[in-house]
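Rule-based calculations on the coordinates, nothing more; no lab input. In this text the structure is predicted, and so the values were computed from the model without any measurement. Neighbour counts are summed over all protein chains in view; Cβ atoms, including those assigned to glycine, are modelled from backbone coordinates with ideal geometry.
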Amino acid sequence: MSGVIYIITTGGEGYIGSTNDFKKRISDHKYNIYNKNSKQYNYKLYKKIRENNCQYEINIYEDNLSLNKKELRIREEEVRLLLGATLNERRAYMSYEQRYQRKAVPTKCECGCFIRRSDMACHRKTTKHINLMISLEQNAKAELQH
Ligand SMILES: [Zn+2]
């Protein structure tokens, strides 16, 4: 297995990519620059290249990496951050912790409980939530009467 991390530069900006099949990846990039039917035609990288009269440079940053797909993506993300590449659509790799943190950030329900976003729909059907909402309503009514 021979992994490659490469850089595409165009108009003073950069894109970091990784692949185990450099030739194929390069021809994919070419296809995406010119082919309007490509799903990726409007990606930042290809737009920028077209703005720049289709002038771009591809350089290999590291090669002969014996990394599996996942490890290669982790390395790609490290290099992307290191070089401050701005033309990538998204992170190459999000760690389990990063993904978990995103889901786990609790949000406040209208009943006052803090609930993970992913659990919110279930939570709203619980007796706990319903009872809290009822007592909130009763409190509000009681306050109005005072
Ligand atoms: Zn609630």
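For segment 1-110, what's the relative contact order in percent, using C-alpha pairs closer than 8 Å and at least 6 residues apart?
After rounding, I find 36 percent.
Counting just the Cα atoms, what span does segment 65-146 cover along each of its three principal axes? Round to the nearest Å and put the largest first.
72, 24, 16
To the nearest µm²/s, what D does Stokes-Einstein give for segment 1-66 at 10 °C and 1.306 mPa s, using the Kirkwood radius over alpha carbon pairs as Rh? Don't skip to the end; give the middle numbers.
Values: Rh = 12.2 Å.
The calculation lands on 130 µm²/s.
Report, in deg cm²/dmol and to the nearest 500, the calculated mean residue ellipticity at 222 nm for the chain, where each DSSP H run with n ≥ 4 adds -39500 (n - 2.57) and the sum is divided by the residue count.
Values: 6 runs with 68 residues, N = 146.
Here the helix-only value at 222 nm equals -14000 deg cm²/dmol.
Out of L45, L136, L82, any idea which swings most in a Gaussian network model of the chain, alpha carbons joined below 10 Å?
Per the Cα network of the chain with a 10 Å cutoff, L136 tops the list.
Using the Cα centre of the chain as the reference point, and only Cβ charges (+1 on K/R, -1 on D/E), how large is the resulting charge dipole? Debye, rounded to the nearest 20.
For this selection, approximately 540 debye.
Using DSSP loop states and a limit of at most 16 other Cβ atoms within 10 Å to flag GluC sites (Glu not before Pro), what is the longest stretch of the chain containing no flagged site?
Numbers: sites that count: E89, E110.
Value returned for the longest uninterrupted segment is 1-88.
In segment 105-145, what is the volume of the convex hull around the alpha carbon atoms, normalised per residue and reported in Å³? Kindly include the intermediate steps, with their values, before the conclusion.
Details: hull volume 2.1 nm³, N = 41.
Convex hull volume per residue, Cα atoms: 51 Å³.
Please report the Cα spread of the chain along all three principal axes, rounded to whole Å, starting with the longest.
So the three principal-axis extents are 74, 35, 27 Å.
Looking at segment 1-108, which trypsin sites (Lys or Arg not before Pro) are in a loop (DSSP not H, G, I, E or B) and have at most 11 other Cβ atoms within 10 Å?
Hits after loop and neighbour filter: K36, K39, R90.
So which chymotrypsin sites (Phe, Trp or Tyr not before Pro) in segment 1-91 pass both tests, a DSSP loop state and at most 15 other Cβ atoms within 10 Å of the Cβ?
Answer in residue order: Y41.
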